[in-house]
Amino acid sequence: MRKRAGEARENRHSGGREAKPRNEGDLEDILDSVEAPLLLILDCVQDPNNLGAILRTADGAGVDAVIAPKDKAVGLTDTVRRVAVGAAESVPFVKVTNLARTMRNLKERGVWIVGTSDQATQSLYETDFKGPVAIVMGREGEGMRRLTEEECDFLIQFPMKGKVDCLNVSVSAGICLYEAVRQREE
């Protein structure tokens, strides 16, 4: 049974203290504390409501860390904390200087990088999420940046049956994370 990063080291804040973003060094500690990490990478997500909802879902799914770039992305604002309903304090939120470099480092540690893209040909449901994996979500409206997409080991897409061509980033994150949870519990 894998351990959550929050169980392996003290990640929870108590007494109403505000959560602070963590850094690359903290990410290394988190990775050292878990056997098969489940990570979520957010490429320039800017809406605080989306980040709050994503953190809440990440907590429910047992995500070991949410990773985002320091620039061009929302941080842990009051709105994020309110929407996250406690998850901003319980899920490690790691801000990194260079997202592509962080992704390369994760791959060197044996983590598979799975990006979501409307252009992908592989379905979410054809993807193995049982081992060490990081799921990448692109920014609202535009998706992943080119360099982020290039660092992915493979790209997946959702089967879209209606008229819209994509889903909200927080909804997409929830679908991916709970597919990973389903597979990991089998």
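The values are calculated or read from the model by the stated rules, or taken from the named source; none is laboratory data. Computed from a prediction, not measured in an experiment: that's the story for all the values here. Cβ coordinates were reconstructed from backbone atoms using ideal geometry, including for glycine residues, and neighbour counts include every protein chain displayed. Only protein heavy atoms, including side chains, enter the accessible area calculation; ligands, DNA and RNA are left aside. Shrake-Rupley method; radii C 1.70, N 1.55, O 1.52, S 1.80 Å.
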Counting only DSSP beta bridges fully inside region 61-169, the antiparallel percentage to nearest 5 is 5 percent
If one builds a Gaussian network model of the chain from Cα atoms under 10 Å apart, the most fluctuating residue listed among Gln157, Gln119, Gln46 is Gln119
The set of residues whose placed amide H lies less than 5 Å from the amide H of Ile41, leaving out same-chain residues fewer than 5 positions away, is Ile67, Ile135, Val136, Met137
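Using the heavy atoms of the protein chains and a 1.4 angstrom probe, tell me the accessible area per residue for region 144-186 in square angstrom. Write down the numbers at each step before the final one.
On the way: 2620 Å² over 43 residues.
Ligands and nucleic acids excluded, the figure is 61 Å² per residue.
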For region 142-186, shape from the Cα gyration tensor axes a ≥ b ≥ c, cut at a/c of 1.5 then a/b versus b/c, turns out oblate
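What order, most packed first, do the peptides 60-68, 80-88, 22-30 have when packing is the mean number of other Cβ atoms within 10 Å of each residue? Don't skip to the end; give the middle numbers.
Values: 60-68: 22.7, 80-88: 19.8, 22-30: 16.6.
The peptides rank, most packed first, as 60-68, 80-88, 22-30.
Per-residue ellipticity at 222 nm for the chain, helices alone: DSSP H runs ≥ 4 residues times -39500 (n - 2.57), over residue total, nearest 500 deg cm²/dmol? Don't jump to the answer; show the numbers that get you there.
Working: 8 runs with 72 residues, N = 186.
Result for the chain: -11000 deg cm²/dmol, rounded to the nearest 500.
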Share of accessible surface on carbon and sulfur in the chain, whole %, 1.4 Å probe and ligands ignored, is 46 percent
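Pairs of alpha-carbon atoms within less than 8 angstrom and 6+ residues apart define the contacts here; what relative contact order does the chain have, in percent?
Reported as a whole number, the value is 25 percent.
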In a Gaussian network model of the chain with springs linking alpha carbons closer than 10 Å, the residue among Lys130, Lys161, Lys70 that fluctuates most is Lys161
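In a shell of Cβ-Cβ distance under 9 Å around Val94, excluding Val94 itself, what net charge do Lys and Arg (+1) and Asp and Glu (-1) give?
Working: positive: Arg22, Lys95; negative: Glu24, Asp26.
The answer is 0.
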